[in-house]
Amino acid sequence: MRPTLLSNPTPAMIGRIKALLFVLCLLPLAASLWQALSGQAVNPVETLTRDSGSWALNLLLAGLAITPLRRLGAPGWLLRLRRMLGLYAFFYASVHLLIYLWLDQLFDWGAIGHDIIKRPFITVGMAAFALLLPLAITSTDGWLRRLKRRWGQLHRLVYPLAVLAVIHYLWLVKRDLTEPLLYAAVLALLLGLRLWWRLRPTLGRQVQ
(Lines give C-alpha, C1' and ligand atoms only; values in the text may rest on other atoms or scores of the structure.)
Protein backbone atom coordinates (compact mmCIF):
# COMPACT_ATOMS: atom_id res chain seq x y z
CA MET A 1 0.00 0.00 0.00
CA ARG A 2 1.42 3.38 -1.00
CA PRO A 3 1.93 5.85 1.87
CA THR A 4 -0.43 8.83 1.89
CA LEU A 5 0.24 12.37 3.05
CA LEU A 6 -1.55 11.62 6.30
CA SER A 7 0.53 8.52 6.96
CA ASN A 8 3.82 10.26 6.14
CA PRO A 9 3.32 14.05 6.29
CA THR A 10 6.09 16.54 5.60
CA PRO A 11 7.50 18.69 8.45
CA ALA A 12 5.52 21.62 7.03
CA MET A 13 2.30 19.61 7.26
CA ILE A 14 3.13 18.60 10.84
CA GLY A 15 3.54 22.29 11.64
CA ARG A 16 0.13 23.09 10.15
CA ILE A 17 -1.48 20.20 12.03
CA LYS A 18 0.02 21.47 15.29
CA ALA A 19 -1.18 25.01 14.56
CA LEU A 20 -4.68 23.71 13.88
CA LEU A 21 -4.65 21.65 17.07
CA PHE A 22 -3.45 24.69 19.03
CA VAL A 23 -6.45 26.70 17.84
CA LEU A 24 -8.93 23.84 18.31
CA CYS A 25 -7.82 23.35 21.91
CA LEU A 26 -8.62 27.01 22.66
CA LEU A 27 -12.14 26.86 21.24
CA PRO A 28 -13.77 25.20 24.30
CA LEU A 29 -12.48 27.98 26.56
CA ALA A 30 -13.68 30.63 24.11
CA ALA A 31 -17.14 29.00 24.00
CA SER A 32 -17.34 28.83 27.81
CA LEU A 33 -16.29 32.47 28.19
CA TRP A 34 -18.85 33.53 25.60
CA GLN A 35 -21.60 31.69 27.47
CA ALA A 36 -20.56 33.18 30.80
CA LEU A 37 -20.07 36.77 29.60
CA SER A 38 -23.06 36.93 27.26
CA GLY A 39 -25.54 35.90 29.93
CA GLN A 40 -26.41 32.57 28.29
CA ALA A 41 -25.18 30.63 31.33
CA VAL A 42 -27.53 30.50 34.32
CA ASN A 43 -24.52 30.16 36.66
CA PRO A 44 -21.41 31.51 34.89
CA VAL A 45 -18.95 30.36 37.57
CA GLU A 46 -20.37 26.85 37.56
CA THR A 47 -20.26 26.76 33.76
CA LEU A 48 -16.61 27.84 33.64
CA THR A 49 -15.66 25.44 36.41
CA ARG A 50 -17.44 22.47 34.82
CA ASP A 51 -16.23 23.12 31.28
CA SER A 52 -12.60 23.74 32.21
CA GLY A 53 -12.51 20.58 34.33
CA SER A 54 -14.14 18.49 31.62
CA TRP A 55 -11.69 19.68 28.97
CA ALA A 56 -8.71 19.11 31.23
CA LEU A 57 -9.86 15.49 31.54
CA ASN A 58 -10.71 15.19 27.83
CA LEU A 59 -7.25 16.33 26.79
CA LEU A 60 -5.54 14.19 29.41
CA LEU A 61 -7.29 11.09 28.09
CA ALA A 62 -6.62 12.14 24.50
CA GLY A 63 -2.90 12.27 25.29
CA LEU A 64 -3.07 8.85 26.95
CA ALA A 65 -4.86 7.45 23.90
CA ILE A 66 -2.05 8.24 21.48
CA THR A 67 0.26 5.37 22.48
CA PRO A 68 -2.47 2.69 22.19
CA LEU A 69 -3.59 4.17 18.87
CA ARG A 70 -0.01 4.06 17.64
CA ARG A 71 0.35 0.41 18.65
CA LEU A 72 -2.93 -0.39 16.89
CA GLY A 73 -1.67 1.05 13.61
CA ALA A 74 -2.22 4.81 13.73
CA PRO A 75 0.49 6.92 12.03
CA GLY A 76 3.59 7.68 14.06
CA TRP A 77 3.31 11.47 13.69
CA LEU A 78 0.48 11.42 16.25
CA LEU A 79 3.19 11.07 18.90
CA ARG A 80 4.30 14.60 18.04
CA LEU A 81 0.94 15.93 19.24
CA ARG A 82 1.09 14.28 22.66
CA ARG A 83 3.09 17.05 24.34
CA MET A 84 0.67 19.75 23.19
CA LEU A 85 -2.31 17.75 24.41
CA GLY A 86 -0.65 17.28 27.78
CA LEU A 87 0.19 20.97 28.11
CA TYR A 88 -3.34 21.95 27.18
CA ALA A 89 -4.63 19.50 29.80
CA PHE A 90 -2.44 21.36 32.30
CA PHE A 91 -3.71 24.70 30.98
CA TYR A 92 -7.37 23.74 31.45
CA ALA A 93 -6.63 22.19 34.86
CA SER A 94 -4.95 25.48 35.87
CA VAL A 95 -7.98 27.46 34.67
CA HIS A 96 -10.21 25.04 36.60
CA LEU A 97 -8.16 25.55 39.77
CA LEU A 98 -7.96 29.33 39.33
CA ILE A 99 -11.74 29.62 38.96
CA TYR A 100 -12.18 27.64 42.17
CA LEU A 101 -9.63 29.73 44.10
CA TRP A 102 -10.74 33.10 42.73
CA LEU A 103 -14.37 33.14 41.64
CA ASP A 104 -15.65 30.42 43.95
CA GLN A 105 -13.59 30.95 47.13
CA LEU A 106 -12.36 34.56 46.58
CA PHE A 107 -8.89 33.46 47.72
CA ASP A 108 -10.19 32.72 51.21
CA TRP A 109 -7.31 30.41 52.17
CA GLY A 110 -8.99 29.31 55.40
CA ALA A 111 -12.08 28.15 53.51
CA ILE A 112 -9.89 26.56 50.84
CA GLY A 113 -7.90 24.64 53.45
CA HIS A 114 -11.14 23.50 55.08
CA ASP A 115 -12.42 22.32 51.70
CA ILE A 116 -9.24 20.35 50.99
CA ILE A 117 -9.47 18.58 54.35
CA LYS A 118 -13.23 18.03 54.60
CA ARG A 119 -14.38 17.46 51.00
CA PRO A 120 -12.85 14.32 49.43
CA PHE A 121 -13.40 15.37 45.82
CA ILE A 122 -11.45 18.59 46.49
CA THR A 123 -8.69 16.58 48.17
CA VAL A 124 -8.18 14.24 45.22
CA GLY A 125 -8.52 17.12 42.77
CA MET A 126 -5.70 18.99 44.48
CA ALA A 127 -3.63 15.80 44.57
CA ALA A 128 -4.17 15.33 40.83
CA PHE A 129 -3.03 18.89 40.12
CA ALA A 130 0.03 18.39 42.35
CA LEU A 131 1.01 15.40 40.18
CA LEU A 132 0.30 17.28 36.95
CA LEU A 133 2.45 20.30 37.83
CA PRO A 134 5.89 18.60 37.64
CA LEU A 135 4.90 16.90 34.39
CA ALA A 136 4.09 20.26 32.81
CA ILE A 137 7.30 21.85 34.14
CA THR A 138 9.51 19.03 32.81
CA SER A 139 7.78 18.70 29.43
CA THR A 140 10.51 20.56 27.53
CA ASP A 141 13.34 19.01 25.51
CA GLY A 142 15.82 20.54 27.93
CA TRP A 143 14.33 18.68 30.89
CA LEU A 144 14.23 15.50 28.83
CA ARG A 145 17.97 15.80 28.21
CA ARG A 146 18.74 16.64 31.84
CA LEU A 147 16.64 13.90 33.41
CA LYS A 148 17.37 11.21 30.78
CA ARG A 149 15.90 7.89 31.98
CA ARG A 150 14.39 9.54 35.04
CA TRP A 151 12.22 11.65 32.73
CA GLY A 152 10.24 8.58 31.66
CA GLN A 153 9.95 7.41 35.26
CA LEU A 154 8.66 10.83 36.33
CA HIS A 155 6.13 11.03 33.54
CA ARG A 156 4.59 7.72 34.55
CA LEU A 157 2.88 9.84 37.20
CA VAL A 158 0.34 10.54 34.47
CA TYR A 159 -1.30 7.19 35.26
CA PRO A 160 -2.14 7.81 38.96
CA LEU A 161 -2.87 11.41 38.01
CA ALA A 162 -5.52 10.30 35.51
CA VAL A 163 -7.05 7.93 38.07
CA LEU A 164 -7.27 10.76 40.63
CA ALA A 165 -8.79 13.10 38.04
CA VAL A 166 -11.54 10.59 37.22
CA ILE A 167 -12.20 9.97 40.94
CA HIS A 168 -12.41 13.75 41.46
CA TYR A 169 -15.14 13.95 38.81
CA LEU A 170 -16.92 10.84 40.08
CA TRP A 171 -17.08 12.13 43.65
CA LEU A 172 -18.09 15.60 42.49
CA VAL A 173 -21.22 14.38 40.71
CA LYS A 174 -24.08 13.71 43.09
CA ARG A 175 -26.84 12.36 40.86
CA ASP A 176 -26.33 11.24 37.27
CA LEU A 177 -23.05 9.29 37.21
CA THR A 178 -23.27 8.40 33.52
CA GLU A 179 -20.62 10.84 32.31
CA PRO A 180 -17.98 10.24 35.02
CA LEU A 181 -18.47 6.49 34.64
CA LEU A 182 -17.90 6.86 30.90
CA TYR A 183 -14.62 8.64 31.61
CA ALA A 184 -13.72 5.86 34.05
CA ALA A 185 -14.44 3.23 31.38
CA VAL A 186 -12.26 5.02 28.81
CA LEU A 187 -9.42 5.33 31.32
CA ALA A 188 -9.77 1.67 32.32
CA LEU A 189 -9.51 0.70 28.64
CA LEU A 190 -6.42 2.86 28.04
CA LEU A 191 -4.64 1.59 31.16
CA GLY A 192 -5.85 -1.98 30.59
CA LEU A 193 -4.34 -2.05 27.09
CA ARG A 194 -1.02 -0.86 28.47
CA LEU A 195 -1.08 -3.51 31.20
CA TRP A 196 -1.98 -6.23 28.69
CA TRP A 197 0.87 -5.31 26.35
CA ARG A 198 3.27 -5.19 29.28
CA LEU A 199 2.24 -8.58 30.65
CA ARG A 200 1.72 -10.40 27.34
CA PRO A 201 5.32 -11.64 26.92
CA THR A 202 5.33 -12.91 30.53
CA LEU A 203 1.97 -14.60 30.10
CA GLY A 204 3.19 -16.21 26.86
CA ARG A 205 6.24 -17.66 28.59
CA GLN A 206 4.06 -19.05 31.39
CA VAL A 207 1.76 -20.80 28.89
CA GLN A 208 4.74 -22.38 27.12
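The values are calculated or read from the model by the stated rules, or taken from the named source; none is laboratory data. Bear in mind that the values here come from a model prediction, so they are computed numbers and not experimental data. No Cβ is skipped: glycine too gets one built from the backbone with ideal geometry, and neighbour counts run over all protein chains shown. Please note that ligands, DNA and RNA were not included when accessible areas were found on the heavy atoms of the full protein model with its side chains. Shrake-Rupley method; radii C 1.70, N 1.55, O 1.52, S 1.80 Å.
At a glance:
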{"quantity": "Flag for Leu103 being out of contact with any Cys (no Cβ under 6 Å at 6 or more places or on another chain), at pLDDT below 95, of a type outside the set (D, E, K, R) and in a helix (DSSP H, G or I)", "calculated": "yes"}
{"quantity": "Residue match in the stretch 150-159 (condition: in a helix (DSSP H, G or I) and more than 19 Å from Gly63 (Cα to Cα))", "calculated": "yes"}
{"quantity": "Test: residue in the stretch 120-129 that is exposed (fewer than 14 other Cβ atoms within 10 Å of the Cβ), free of Cβ contacts under 8 Å to residues at least 60 places away in the same chain, part of a helix (DSSP H, G or I) and aliphatic (A, V, I, L, M)", "calculated": "no"}
{"quantity": "One residue from Leu106, Leu24, Leu98, Leu69 being over 20 Å from the mean Cα position of the chain (by Cα) and either open to solvent by 80 Å² or more (accessible area, probe 1.4 Å) or among the polar types (S, T, N, Q) (or both)", "calculated": "Leu106"}
{"quantity": "Scan of the stretch 34-60 for residues that are among the hydrophobic types (A, V, I, L, M, F, W, C) and either closer than 22 Å to Val158 by Cβ or surrounded by 15 or more Cβ atoms within 10 Å (Cβ to Cβ) (or both), ordered by number", "calculated": "Ala36, Ala41, Leu48, Trp55, Ala56, Leu57, Leu59, Leu60"}
{"quantity": "Only listed residue being of a type in the set (Lys, Arg) and in contact with a helix residue (DSSP H, G or I) (Cβ under 7 Å, 6 or more places away or on another chain), chosen from Arg82, Arg50", "calculated": "Arg82"}
